[in-house]
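One structure is given here, and the rest of the page talks about it.
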Amino acid sequence: MKNLNLILAGVFFTVAAAWSGLVITAQVQLGSLGRAPSEEGGPLFPSREPGLAIQGRTVYLDLGCVACHTQQVRPAGQGSDIARGYGVRSSVARDYVLQSQVLIGQRRLGPDLANYGARAKSEVELAAFLRTPASGVNHPPYAFLDAERSTALVAYLKSLRQDYSSPEAKLKQ
Amino acid sequence: MSQENRTGRPRGRPPEGGASRLSRTEAGLRGPFLCFFTFAVLWLVVASLLALIAAVKLHRPDFLGACALTTYGRVAAAAQDTFVYGWGFNALFAVNFWLMAQLGRFEFRNGWLATLGGLAWNLALTYGVVQVFRGELGGFALLDLPREVGPVLILAFLFAGLWSVVTYARRPSGHNFASQWYVIGATFAFPIVFLLGQLMVQWFPSVGTVPALAHAWFVQNLMLLWFGASTLASAYYFIPKILGRPLRHYYLAPVGFWTFFLFAGWTAPAALLGGPIPIWLQSVGVVASVMSIVPVIIVGINFYSTLSVDGGWSRAWNSTTLRFVTVGVVCFSLFGGLSTVFSARDFSAVLAFTSFAQGQQQLLTYGALTMTLFGASYFVLPRLTGSLWPSAKLVHLHFWAASLGLLVAVVASLAGGWQVGHLLADPAVSTAQAGDATAVWTLAGSIAAMLFLVAHVAFALNAFGMILASTSPTSEGRPD
Amino acid sequence: MNDRNRHPDRNRPSQGNPGPGPDGLSDGRLVEVHSQLARDKEEPREGFSLTPIVIVFIFCGFGFWGGLYLTRNSGNFASTAFDVNAPKAAASAGPIEFEPDAAKGEKLFVAQCAACHQPTGLGVPGAFPPLAGSPWVAGNEERLIKAVLAGLAGEIEVKGVKYNANMPNIGAGLKDAQVAHIATYVRQAWGNTAGPVMDSQVAVVRKAIGARGQYVPADLLKEHPLETK
């Protein structure tokens, strides 16, 4: 342990090993993922988000929604996600290929939003909820959102769907 | 033991007389150390204020809810960033630096270079936190500062941190000590990790969930290789130093060091169990988390066997520094044990996405790291300033408020997460219902945040009082 | 225990080093003592320290467990496996993943059946009936499955020629999937054009017939008469 170079080389090796073993290998396996049809010859999924939803994603980011909402559905048997209607199947890497910033989140103070578009209220109700949440729901009021940002955020939330069949997670018939 | 007295009250006296005894090694350190330390304490107070606001917002969502500036997401992100990058890094720059210079007998002449790095670090961080409040935050915790801040932070780190490596390379004697390995390892590994993390998450994010994995890898390395290793460096120093006897089973320390570095990075995917990454990656994370218990056991053997003989525990209790450091060491072991046990899939299925992980992380960032850094401050600051801690009562208040806050915060996060997780295992229970049923833990979180604020204000008052009262020491002091 | 006795303060640095004074070990002494400890391993003491051995055992134990865990929960290191419960669910829910494979069937056929029926599927005139173009193997899958599982004994007429069959219960010693592969091959080789056979069908038949002896061909025909085109 006397030799500085030995310590530096060893530390470098441990860091590099974990990095290449995990991150680079994952990049090799998943880095070339693209969209895929849900059935032979069908349209490609995930679908591209409408422009308004892409603006809404920045609103979602800058309000820090990701602090309390995840966007990932765990498989049946690992948590109650599917049983409680967060999704019809587990999330897989391919579901996120179109997202420039992956917002899978780490904490669920509120419900998961991976499939929110499939179960959301109407645009008007959703915008009203964001302004003044229903009583009894521990959600902050976003009354300060102007109409433009509110519309974009609602469009983004409505665009969130993972209810198509994916090669890695087929929907059960 | 100048820091002991018979009644067991910490008095906080400078261990070796006054300024006249400042060694040349310490004289060269004084400027950069006090610069980093001042920034660290300021950030600590800011961070605890923000954390208190965030904690209150968890049970009163409309608190400060009238504008976008103070959404929970932004305040919580800012609180974490200021705590980690503001307090944790600045304090570690100071303490690691001091450790390396002391152990390597390094007479530091170009202090302004490190100070320059420190200024750049804190300017960039301030800019980043302001941007977070303006809504320019990313979606990944601890990599959520605007990406243009990152390169500045790395450069500043190289200026401020890598002096540790220089002090080791230029040390006059051929001897070496565990603290030095850990500081060198941490200081060398972190810039690499920081660079790769920023590149893969912020600058050139890959497709799918690879950025999420890269982020988990970054956070694990930051927590273990930088915070964890630095905690161990201080603990390895202060325990034998203050007890006045060598560590027992010290020959195991290199094994602990290498296994610690070997497994740390691989544990990353355990944070993503059940998530959208291939299961082999998740399983690797579980295995690495379990293997990580080996270094935890080894450093535990080193520390506890040394503390257990010859009245070590009571002597630790009677020394202000060692009292904090011992709490830190115990928290580190607890953290290691919890990460091993709760990496199991059966647990993560229930506890994922709850506050449980936050409680574990708090054990490391606050319980282990911050408590150890407090202990180090009580040791180093009187030596460098040449004055006494102004108020023993504040020292007392600091220790008890911080320890109690730590206990309440960790228990609230762990128990709250446990309860929420088990409630949510039933699909009929909504997140809102689970939140209501566990409101008492959220409230406890706010109380803990309040205790932390009290502790940190007490610490800051005491520290700044001492720095302001310090006489300017000469470098012609005691030859060391 | 007195550590000061164990590490007497020899080699005290000459210059103003306070030694274990007011703040315990001096820094120079701290580094020096530990450097020595790292070289000399354990401090000399009576008896034998179990600690390193225990650590090695713990380490090996975890390593062994880790290997096992990884093999069981790695999803073959595939980039497409995201659900750790999926393989187990498939195994318990039965043959969702089965794909009848004529190529595997051919290998099994050559090993198990070709001695009599010949690799060409034409049999041996006067001794073993042909399978190519035989109506016995086409049509209802159960007839073929039963013949393979239980065997045949007695007079059998294939393509207008009578044979005295004595076919052993080859299938009894094979797995459901293997029988399905063979049956699929037989039904699709040499110009035969019947559909594949699934391992689930084999499993059902195997359960239904139990451990019976060889079928008399006429009885088998009563259960599953030859389809006429």
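Structure note, pairs A:121/A:172; C:104/C:222; A:170/C:207; C:104/C:146; C:107/C:159: Cα-Cα distances above 28 angstrom occur for C:104/C:222; A:170/C:207. Take the Cβ atoms of residue B:396 and residue A:39, set R0 to 60 Å, and the FRET efficiency comes out at 0.30. Take A:98-106, B:223-231 and order them by the average number of nearby Cβ atoms within 10 Å per residue, most first; the result is B:223-231, A:98-106. Amide H contacts of residue C:152 (H built 1.01 Å from N, in plane; Pro and chain starts excluded): C:167, C:215 sit under 5 Å, all sequence-distant by 5 or more or on other chains. Tell me, how many Å apart are the Cα centres for segment B:109-164 and for segment A:86-106? Between the Cα centres of segment B:109-164 and segment A:86-106 lies a distance of 31 Å. The simple spin-label model puts a point 7 Å past each Cα toward its Cβ; for residue C:101 and residue B:148 those points are separated by 5.8 nm. Scoring C:101-107, B:333-339 by mean Cβ neighbours within 10 Å over their residues and listing the highest first yields B:333-339, C:101-107.
Calculated mean residue ellipticity at 222 nm for chain A: -10000 deg cm²/dmol, from DSSP H runs with n ≥ 4 weighted as -39500 (n - 2.57), summed, divided by the residue count and rounded to 500. Restricting the trypsin sites (Lys or Arg not before Pro) of segment A:105-173 to loop positions (DSSP other than H, G, I, E, B) with no more than 15 neighbouring Cβ atoms within 10 Å leaves A:121, A:170, A:172. Nearest 10 degrees is fine. How inclined is helix B:293-308 to the longest principal axis of chain B, computing both from alpha carbons? The angle comes out at about 40 degrees.
Counting only alpha carbon atoms, the long axis of helix A:51-62 and the longest principal axis of chain A meet at about 70°. When each of the peptides B:93-103, B:113-123 is scored by the mean number of other C-beta atoms lying within 10 Å of its residues, the order from highest to lowest reads B:93-103, B:113-123. For chain B, the 222 nm mean residue ellipticity estimated from helices alone, with every DSSP H stretch of n ≥ 4 adding -39500 (n - 2.57) and the total spread over all residues, rounds to -22500 deg cm²/dmol. Placing pseudo-labels 7 Å out from each Cα toward the beta carbon at residue A:131 and residue A:83 gives an inter-label distance of 3.9 nm. Working from label points 7 Å from Cα in the Cα-to-Cβ sense, the residue B:467 to residue A:121 distance is 5.1 nm.
Using alpha carbons only, how many angstrom separate the centre of segment B:35-77 from the centre of segment B:357-379? Going from one Cα centre to the other spans 19 Å.
Shape of segment B:160-216 from the C-alpha gyration tensor: prolate (a/c of 1.5 or more and a/b above b/c, with a ≥ b ≥ c the square roots of its eigenvalues). Were the residues from residue C:122 through residue C:226 laid out at 0.36 nm apart, the gain over their Cα-Cα distance would be 35.5 nm. Overall, chain B carries a charge dipole of about 1300 debye about its Cα centre when +1 sits on the Cβ of Lys and Arg and -1 on the Cβ of Asp and Glu, all other atoms neutral.
Between the C-alpha center of segment B:399-419 and that of segment A:131-173 there is a gap of 33 Å.
Computed 3J(HN,Hα) for segment B:280-291, one whole-Hz value per residue from the Karplus formula 6.51 cos²θ - 1.76 cosθ + 1.60 where θ = phi - 60°, is 5, 5, 4, 5, 4, x, 5, 4, 5, 4, 5, 5, glycine and proline marked x. For segment B:120-125, take each phi angle, set θ = phi - 60°, evaluate the Karplus expression 6.51 cos²θ - 1.76 cosθ + 1.60, and give the result in whole Hz per residue in order, putting x for glycine and proline. Karplus-based 3J(HN,Hα) across segment B:120-125 equals 4, 4, 6, 5, 4, 5 Hz.
With a 10 Å cut-off around each Cβ of B:287-294, the average count of Cβ atoms from other chains is 4. Legend: mean number of C-beta atoms from other chains within 10 angstrom of residue C-beta atoms, peptide A:141-150, equals 2.
A Förster distance of 25 Å, applied to the separation of the beta-carbon atoms of residue B:134 and residue B:63, puts the FRET efficiency at 0.80.
Counting Cβ atoms of other protein chains within 10 Å of each Cβ in B:58-64 and taking the mean gives 3. Estimated from the Cβ-Cβ distance and a Förster radius of 30 angstrom, the FRET efficiency linking residue C:76 and residue B:199 is about 0.50. Once the Cα atoms are used to define both axes, helix B:371-385 deviates from the longest principal axis of chain B by about 30 degrees.
Bear in mind that the values in this text are calculations on the coordinates, not laboratory data. Since we're looking at a predicted model, the values are computed, not measured. For neighbour counting, all protein chains shown are included, and Cβ atoms are generated from backbone atoms with ideal geometry for every residue, glycine included.
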